[in-house]
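Just below is one structure, and these are the notes that go with it.
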Amino acid sequence: MQPISLIQFLIEARRAGHINAELSLLIEVVARACKRIAVATSKGALGGVLGMAGSDGTQSINVQGEAQKKLDVISNEILLEANAWGGHLAACASEEMEDPQQIPDRYPKGNHLLMFDPLDGSSNIDVNISVGTIFSVLHCPDGVTEPKAEHFLQPGTEQLAAGYVVYGPATVLVLTFGHGTHEFTLDREVGSFVLTRRNVRIPEQTAEFAINMSNQRHWQAPMQRYIGELLAGKSGPRGKDFNMRWVASMVADVHRIVTRGGVFYYPLDAEIEKQGGKLRLMYEANPMAFIVEQAGGAASTGRQRIMELQPTGLHQRVPVFLGSKDEVEVATNCHLQADGTH
Ligand code: P6P
């Protein structure tokens, strides 16, 4: 049977009334931009794009206060340029930019807001470990022609589409627009994304967790207790052994979970409590939550469903507990019981 390309899948979705023409074009444009990012990241040292961004010895720092890699900047530019002229967007917002970027007046504007982390996990770039692009799409409020940050501050339940592209041994796009989660693999010889898994399902139970154990001494008591029970294994209260993974690249860790199940945790800890967490709500937690929930998984802050949070800032950070539904529920209940609310 002929493989189904992303374009054919989007036409199928339009015919089914799951997406409209403008959203279909938006997804195509983002996927095409990610193919260019895949080319840039795959060059490694040969492309002259490794290392830190910045000129004449000064280190470039992004809005998060993080050192920017050259590929962070390049990936951001690729996504902005690709989305400027198609007429499908009202504005873009990025992890790499303080404020939203308007669509230039010389181009037509559309009804969608696009947010992205152009190259998540980029600290892994120089050591050739998988990184990725994460994106989320919202509807631009009616009558708003110059969207400001507050127009992006919609709960994750309002997302029209979300996806990530993981740049690994294969370049893989995982996408949802509310009718299941689907996986497309880049056929480099043809240059198109091909449907490789339709309606992905994350197993509800797992024996594999992902967390940065070096933060353990800073975790809140419920997290200390919960992870301690996983580490106790078969002889402990869970009665089974668990395996651990931590890539320190959210897209890679989440793709493993989307592929074979598992849970990913970035909980609050004493070091990051005042900033609300490590991962960003609008362009990391919300899109990943949408993708995971549509695949039968769960995504919480450890105390409530991520997608029901009312955002308070474009670069707001939150704790993230996501993956196999039953295990996320165990971890979340640990916190709610400790709070006396369960
Ligand atoms: P840590 C990458 O910087 C990132 O935002 C996520 O991709 C990843 O899961 C996390 O931070 C890694 O954080 O504290 O382990 O370096």
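The values are calculated or read from the model by the stated rules, or taken from the named source; none is laboratory data. This structure is a prediction, so every number in the text was calculated from the model and none was measured. Quick reminder, even Gly has a Cβ in these numbers, built from the backbone with ideal geometry, and neighbours come from all protein chains shown. Note: areas computed on protein heavy atoms with side chains; ligands, DNA, RNA excluded. Shrake-Rupley method; radii C 1.70, N 1.55, O 1.52, S 1.80 Å.
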Being within 21 Å of the chain's Cα centre (by Cα), closer than 16 Å to Q154 by Cα and open to solvent by 50 Å² or more (accessible area, probe 1.4 Å): is that true of H112 here? no
Residue count for region 27-56, restricted to those that are under 18 Å from the mean Cα position of the chain (by Cα) and hydrophobic (A, V, I, L, M, F, W, C): 8
Quickly run through region 116-139 and pick out the residues that are hydrophobic (A, V, I, L, M, F, W, C) and more than 15 Å from the ligand (Cβ to nearest atom). V137, L138
Could you list all residues from region 308-331 that are in a helix (DSSP H, G or I) and either outside the structural domain of R280 (by TED's automatic domain parsing) or open to solvent by 20 Å² or more (accessible area, probe 1.4 Å) (or both)? E308, K325, D326, E329, V330
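Say we look at region 296-307 and pick out the residues that are touching a residue at least 40 places away in the same chain (Cβ under 8 Å) and surrounded by fewer than 22 Cβ atoms within 10 Å (Cβ to Cβ); which of these is nearest to K148 (Cα to Cα)? Break it down into steps so the answer makes sense when it comes.
Our first condition is that a residue be touching a residue at least 40 places away in the same chain (Cβ under 8 Å); within region 296-307, this holds for 296-297, 302, 306-307.
The next check asks that each one be surrounded by fewer than 22 Cβ atoms within 10 Å (Cβ to Cβ); those that pass are 296, 307.
Numbers: G296: 33, M307: 21 Å.
Selected residue: M307.
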